[in-house]
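Peer 1: After the structure tokens below, expect a handful of questions from me.
What follows is calculated from the coordinates using simple rules that are stated; it is not laboratory data. All values derive from a computational prediction rather than experimental measurement. Using ideal geometry, Cβ is built from the backbone for each residue, glycine included, and neighbour counts are taken over all protein chains shown.
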Amino acid sequence: MSINDELLELALHMAQQAGALLVDRPASWDLTSKSTAIDIATQMDIASEKLIVNAILAARPDDGIIGEEGADRESKSGYTWVLDPVDGTVNYFYGLPGWNISIAVKDAQGVVAGVVHAPTIGATWHATRGGGAFLNNLPIKCNDPIELDRALISTGFAYDVKDRINQLDVVNQLLPKIRDIRRMGAAATDLCCVATGMVDGYVETGLKEWDLAAGQLIASEAGASVTTHTWRGMALTVAGGAHLHRLLMGQIPA
């Protein structure tokens, strides 16, 4: 077994364990505000990250860790884990489906393995660098080529409400020209839906490394182009098959 496969196996195990923890929803909530009052973490986000971090340290104590809920550990091995213990916390809090556990591990060249586990929709996506992408162990490919007027696009909106004005400019530009828009509520799920062909493309601003790491690898290994660049002072991520990606980039307003 290669090192990438070993890391993937550990990531899959941890994601399943965290999923089992999270589906047992608490009777009451302890909420913490982060970047804004509507950007929240629950006690379950923190418990999930703790479970994953403890498992990493037990198996690979020299690895680094970057976690959304504060885990920060420098790597001594050359490998660093990038964790979103509950991607789509608002969905999770409201009891909506689609939230996930996103776990990736990277080396100096980028992400080598990624897992996105969404228990409420029975979906576990995974990929290794150069090894293809899979949904529930079946190989997947993005939709390509797709023309703009046939494209189903997923998106999301910033927690900082003033950034939403700029995001609406993108929506207003796209909506008259595409098939329709979908709002999943979890970035890693959106990227994996592009990978699987459940949507054709994805556009969103403000994603962090833990939002992107696993989902971007999975989408890229499924044949999608995934880019992030600075737009109006924000990070803008665009994903889709190569043809649609070019078309979407041409629709981003100045």
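Peer 1: Summing Lys, Arg as +1 and Asp, Glu as -1, what charge do residues with Cβ under 13 Å from the Cβ of Val194 carry, Val194 excluded? Please report the intermediate quantities before stating the final value.
Peer 2: Values: positive: Lys141, Arg182; negative: Asp144, Asp190, Asp200, Glu204, Glu221.
Net charge in that neighbourhood comes out at -3.
Peer 1: Right, next: What residues have an amide H closer than 5 Å to that of Asp144, excluding those fewer than 5 places away on the same chain, when H is modeled at 1.01 Å from N in the peptide plane?
Peer 2: none
Peer 1: Per residue, how much space in cubic angstrom lies within the convex hull of the C-alpha atoms of the chain?
Peer 2: Expressed per residue, the convex hull around the Cα atoms of the chain is 119 Å³.
Peer 1: Looking at the P(r) of segment 1-65, how many percent of alpha-carbon pairs lie beyond 18 Å?
Peer 2: 49
Peer 1: Connecting C-alpha atoms closer than 10 Å in a GNM of the chain, tell me which of Gly132, Gly78, Gly206 has the biggest fluctuation.
Peer 2: Among Gly132, Gly78, Gly206, the largest mean-square fluctuation in the Gaussian network model of the chain belongs to Gly78.
Peer 1: Under a 10 Å cutoff between Cα atoms, tell me which one of Gln173, Gln16, Gln216 has the largest fluctuation in the Gaussian network model of the chain.
Peer 2: Gln173
Peer 1: Please compute the contact order of segment 148-249 in relative form: average sequence separation of alpha-carbon pairs under 8 Å and at least six residues apart, divided by the residue count, as a percent.
Peer 2: Relative contact order for segment 148-249 comes out at 29 percent.
Peer 1: In addition: Where the centre of each part is set by its Cα atoms, how far does segment 132-181 sit from segment 26-49, in angstrom?
Peer 2: 27
Peer 1: Can I ask one more? Taking K and R as +1 and D and E as -1, what net charge do the other residues with C-beta under 12 Å from the C-beta of Leu31 add up to?
Peer 2: Net charge in that neighbourhood comes out at -2.
Peer 1: Only Cα pairs under 8 Å and at least 6 apart count here; give the relative contact order of the chain as a rounded whole percent.
Peer 2: Dividing the mean separation by the residue count of the chain yields 17 percent.
Peer 1: Another question, then. Could you line up Asp163, Asp200 from fewest to most neighbouring Cβ atoms inside 10 Å?
Peer 2: In increasing order of surrounding Cβ atoms, one gets Asp163, Asp200.
Peer 1: Follow-up. Is segment 3-139 rounded, prolate or oblate when judged by the Cα gyration tensor, a ≥ b ≥ c being the square roots of its eigenvalues, rounded requiring a/c under 1.5 and prolate requiring a/b larger than b/c?
Peer 2: Numbers: a/c = 1.99, a/b = 1.35, b/c = 1.47.
It comes out oblate by the Cα gyration axes.
Peer 1: Now, a different point. Could you work out the local net charge near Ala235, counting Lys and Arg as +1, Asp and Glu as -1, over the other residues with Cβ closer than 12 Å to its Cβ? Walk me through the numbers on the way to the answer.
Peer 2: Details: positive: Lys208, Arg232; negative: Asp163, Glu204, Glu209, Asp211.
So the environment of Ala235 carries a net charge of -2.
Peer 1: Can you give the log10 of the normalised intensity I(q)/I(0) at q = 0.16, 0.19 Å⁻¹, computed with Debye over equal Cα scatterers of segment 70-196?
Peer 2: Debye curve over Cα of segment 70-196, log10 I(q)/I(0) at q = 0.16, 0.19 Å⁻¹: -0.98, -1.20.
Peer 1: With a 10 Å radius around each residue's Cβ, average the other Cβ atoms per peptide and rank 191-197, 34-40, 92-98, highest first.
Peer 2: Taking the mean over residues of other Cβ atoms within 10 Å, the ranking is 191-197, 92-98, 34-40.
Peer 1: So, one more: Would you please state the base-10 log of I(q)/I(0) at q = 0.10, 0.13, 0.24 1/Å for segment 148-249, with intensities from the Debye formula using one equal scatterer on every alpha carbon?
Peer 2: Listed by q, the Debye log ratios stand at -0.22, -0.38, -1.42.
Peer 1: In percent, what relative contact order does segment 82-123 have, based on Cα pairs under 8 Å that are 6 or more apart in sequence? Provide the component values of the computation, followed by the final result.
Peer 2: Details: 68 pairs, mean separation 14.5, N = 42.
It comes to 35 percent, rounded to a whole number.
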